[in-house]
1. Relative to the first principal axis of the alpha-carbon coordinates of the chain, what is the inclination of helix 2-12, with its axis defined by its Cα atoms, in degrees from 0 to 90 and to the nearest 10?
2. Name the residue farthest towards the positive end of the dipole of region 178-219 from the options Pro217, Val178, Thr195, assuming +1 on Cβ of Lys and Arg, -1 on Cβ of Asp and Glu, about the Cα centre.
3. Mind putting a number on the dipole of the chain about its Cα centre? Charges go on the C-beta only, +1 for Lys and Arg and -1 for Asp and Glu, and I need it in Debye to the nearest 20.
4. Could you tell me the number of lysine pairs in region 123-239 with C-alpha atoms less than 16 Å from each other, where the two lysines are 8 or more residues apart or belong to different chains?
5. Using only the Cα atoms, what convex hull volume per residue in Å³ does region 40-136 have?
6. Please work out the average accessible area per residue across the chain, using the 1.4 Å probe convention, and give it in Å².
7. Can you give the Rg to Rh ratio of region 150-239, both from alpha-carbon atoms, with Rh computed by the Kirkwood formula?
8. Once you keep just the Cα pairs under 8 angstrom separated by 6 or more residues, what percentage relative contact order results for the chain?
Amino acid sequence: AGLGSAAAAEKDERQYFELRRYRTHVGPKKNLLGDFLRDVGIPAMNRVGIEPVGVFTAKYGPSEPTLYVLLVHKSLESVATASARLLADDQFAKSDFVNAPLSDPGYVRVESSLMAAFKDMPKLEASPKKPRILELRIYESHSIKAAKKKVEMFNEGGEIAIFKKTGLMPVFFGETIVGPMMPNLNYMLAFDDMTDRDKRWSVFGGSPEWKKLSSDPQYKDTVSNITDIILQPTGYSQI
């Protein structure tokens, strides 16, 4: 029973990441969503236990959707009950944005994916608050088995440890549970700027540990496609 309880406790400590991709309005209403998140949405999310909340625009990579929002949940229950808890918050529920009419919605559409944090990095590690860029990488795999093997490469294989040893700064690693382009995993790295990014990736690529790990035949052909997006945090982003 002790072992079971310990395993349950360890599992409960793993965070869940909800990545929302908003298609926002163009023209005079383009800032509606961002203004709402800054003034009402993020404070309300924090009050109901969803924190931190990251809000980003795409600097390089797919420009649609216009706004990326990352919500950090402490449990799956938090994900399932988030809408109800937010609507029970007076400031959130009474805002003009939430009560927008059919003829004048606050945004066009939102797509969302839900991820479970990796075993070897169970919580988001926010980078220092300073001017910086964040790189979001999405690794698709051709099968469930290959996807699990790539996750294993980061955990048991030691790739996360090599990232940190060579100077890369991970923000989170997440295995997608529900969302588009499955099976896939997502991870985010923080850099000062593109020059810093290129330098740090070069150090990682030349690492003997990485060369050894990447040549291990058990991890061959585990990634079928990579999407790479450079994100710029908004001024009110908490990540």
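1. Helix 2-12 and the main axis of the chain meet at about 60 degrees.
2. Result: Pro217, furthest along the dipole toward the positive end.
3. It comes to approximately 300 debye.
4. Value for region 123-239: 14.
5. 137 Å³
6. Roughly 51 Å² per residue, with all protein chains present.
7. Here the Rg-to-Rh quotient is 0.97.
8. Reported relative contact order: 27 percent.
The values are calculated or read from the model by the stated rules, or taken from the named source; none is laboratory data. If you're wondering where the values come from, they're calculated on a predicted model, not measured in any experiment. Cβ atoms come from the backbone with ideal geometry, glycine included; neighbour counts cover every protein chain shown. Surface areas here come from the heavy atoms of the whole protein model, side chains and all, with no ligands, DNA or RNA. Shrake-Rupley method; radii C 1.70, N 1.55, O 1.52, S 1.80 Å.
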